[in-house]
Amino acid sequence: MFYSARFWGGLRGVINLLLAVYMLAPLVVILIISFSSALFLSFPPPGFSLQYYEKMFSNPTWTRTLWTSVKIMVPSAVIATVLGTAAALALSRMESRWAVLIRGLLMAPLIIPVIITAAAIFGVFRIWGLYGTLPGLILAHVILTLPYVMSTVSANLAVFDKRLEDAAANCGAPPFTAFRRVTLPLISPAVLSGMLFAMVISFDELIVSLFLSTPTIRPVTVQMWSNIRGDTDPTIAAIATVLFLFSLFALLIDGLARRKSGRAPGL
């Protein structure tokens with residue numbers, strides 16, 4: 001029995017390792033190619049060079065689209081975090097039968113195929129005059145990222161002890177003060193995680209941005225798609241590495257925040 005358990009445990013470990021290698025190998029290859037000295041995409045690279053990164057920061061097209069992505073990502077993540085946290089708090093306290101329907105509507109972008117969501121947003125934004133505008137792209141990204149924030153905060157609120165808020169209210173704290181001094185500090189790791197998820201999703205989003213972007217307002221992912229369809233510029237390896245490192249950095253921050261919050265009660 002002992003050897004059987006060891007065998008199956010070892011087999012699970014090998015399978016998990018193979019899956020991790022299978023998923024990470026393409027990212028590692030792109031990371032290595034981005035430092036290649038070749039004039040075209042080739043692996044293994046013939047030598048080390050930073051030429052693709054120099055082209056990325058010297059080419060106005062790439063710098064403009066990168067800056068556009070940042071201008072979309074930051075406000076959309078902040079708005080989605082505020083609205084998603086507020087929605088999660090309201091729904092966690094709502095006992096009406098409408099709560100299930102409202103939650104389903106807010107979580108719909110996670111379930112509906114993104115191409116359908118993109119077509120619907122495109123049609124509505126054409127009527128509203130938001131097509132091809134920065135506010136339109138920000139609003140579209142808020143729609144896409146809000147469910148991630150709401151689901152993350154809702155999961156934390158499911159294990160939140162409501163009696164702590166009641167104790168603050170019994171001590172004379174107004175509702176907003178109780179939220180600011182009691183609830184928000186306790187759910188802040190989930191709020192931060194939701195905001196980081198929103199930033200990553202917004203920065204990497206392509207489908208909806210394809211429907212709404214124009215030659216003058218274009219995120220970096222749309223520019224990457226355009227280059228791949230046309231002539232493959234090796235600079236795209238450096239852009240892909242930047243996107244990957246940004247996502248990895250966000251996940252590391254999220255892990256550190258969760259680890260710190262887990263240690264807090266023991267201090």
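The values are calculated or read from the model by the stated rules, or taken from the named source; none is laboratory data. Bear in mind that the values here come from a model prediction, so they are computed numbers and not experimental data. With ideal geometry, Cβ positions are generated from the backbone for all residues, glycine too; neighbour counts draw on all protein chains shown. Side chains included, ligands, DNA and RNA excluded: accessible areas come from the protein's heavy atoms. Shrake-Rupley method; radii C 1.70, N 1.55, O 1.52, S 1.80 Å.
Just a yes or no: is a residue in region 17-33 touching a residue at least 12 places away in the same chain (Cβ under 8 Å) and more than 17 Å from Val242 (Cβ to Cβ)?
no
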Note on Thr65: of the conditions (1) exposed (fewer than 13 other Cβ atoms within 10 Å of the Cβ); (2) polar (S, T, N, Q); (3) in contact with a Lys or Arg (Cβ under 7 Å, 6 or more places away or on another chain), unmet is (1)
Does region 69-78 contain any residue that is outside any helix (DSSP H, G or I) and either of a type outside the set (S, T, N, Q) or in contact (Cβ under 8 Å) with a residue 24 or more places away in the chain (or both)? no
* To do: For region 128-138, indicate whether the set of residues that are in contact with a Gly (Cβ under 6 Å, 6 or more places away or on another chain), among the β-branched types (Val, Ile, Thr), part of a helix (DSSP H, G or I) and closer than 30 Å to Thr65 by Cβ is non-empty.
  => no
Exercise. Residue check: is Tyr148 outside any helix (DSSP H, G or I), farther than 30 Å from Phe40 by Cβ and either open to solvent by less than 50 Å² (accessible area, probe 1.4 Å) or touching a residue at least 60 places away in the same chain (Cβ under 8 Å) (or both)?
Worked result: no
Review point. Any chance region 98-110 includes a residue that's open to solvent by 40 Å² or more (accessible area, probe 1.4 Å), among the β-branched types (Val, Ile, Thr) and in contact (Cβ under 8 Å) with a residue 40 or more places away in the chain?
Key: no
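Quick grid of which residues meet (1) in contact with an Asp or Glu (Cβ under 9 Å, 6 or more places away or on another chain); (2) without any contact (Cβ under 8 Å) to a residue 60 or more places away in the chain; (3) β-branched (Val, Ile, Thr); (4) on the phi < 0 side of the Ramachandran plot:
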residue	(1), (2), (3), (4)
Arg181	no, yes, no, yes
Pro185	no, yes, no, yes
Leu192	yes, no, no, yes
Ala198	no, no, no, yes
Leu206	no, yes, no, yes
Phe211	no, no, no, yes
Thr216	no, no, yes, yes
Of the candidates Phe197, Phe246, the one satisfying the condition of being modelled with pLDDT of 85 or more and either within 23 Å of Ala80 (Cα to Cα) or crowded, with 18+ Cβ neighbours inside 10 Å (or both) is Phe197
Picking from Ala87, Ala38, the residue that is modelled with pLDDT of 80 or more, open to solvent by less than 90 Å² (accessible area, probe 1.4 Å) and of a type in the set (A, V, I, L, M) would be Ala87
A careful count of residues in region 42-62 that are aliphatic (A, V, I, L, M) and buried (at least 17 other Cβ atoms within 10 Å of the Cβ) gives 1
Among the residues in region 64-85, are any over 23 Å from Pro135 (Cα atoms) and among the polar types (S, T, N, Q)? no
Among the residues of region 156-173, the number that are open to solvent by less than 70 Å² (accessible area, probe 1.4 Å), over 13 Å from Leu89 (Cβ atoms) and not acidic (Asp, Glu) is 5
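Answer with yes or no whether Ala20 is within 29 Å of Ala237 (Cα to Cα) and either open to solvent by 40 Å² or more (accessible area, probe 1.4 Å) or in a helix (DSSP H, G or I) (or both).
Values: within 29 Å of Ala237 (Cα to Cα): yes; either open to solvent by 40 Å² or more (accessible area, probe 1.4 Å) or in a helix (DSSP H, G or I) (or both): yes.
Against the criterion (within 29 Å of Ala237 (Cα to Cα) and either open to solvent by 40 Å² or more (accessible area, probe 1.4 Å) or in a helix (DSSP H, G or I) (or both)), Ala20 qualifies.
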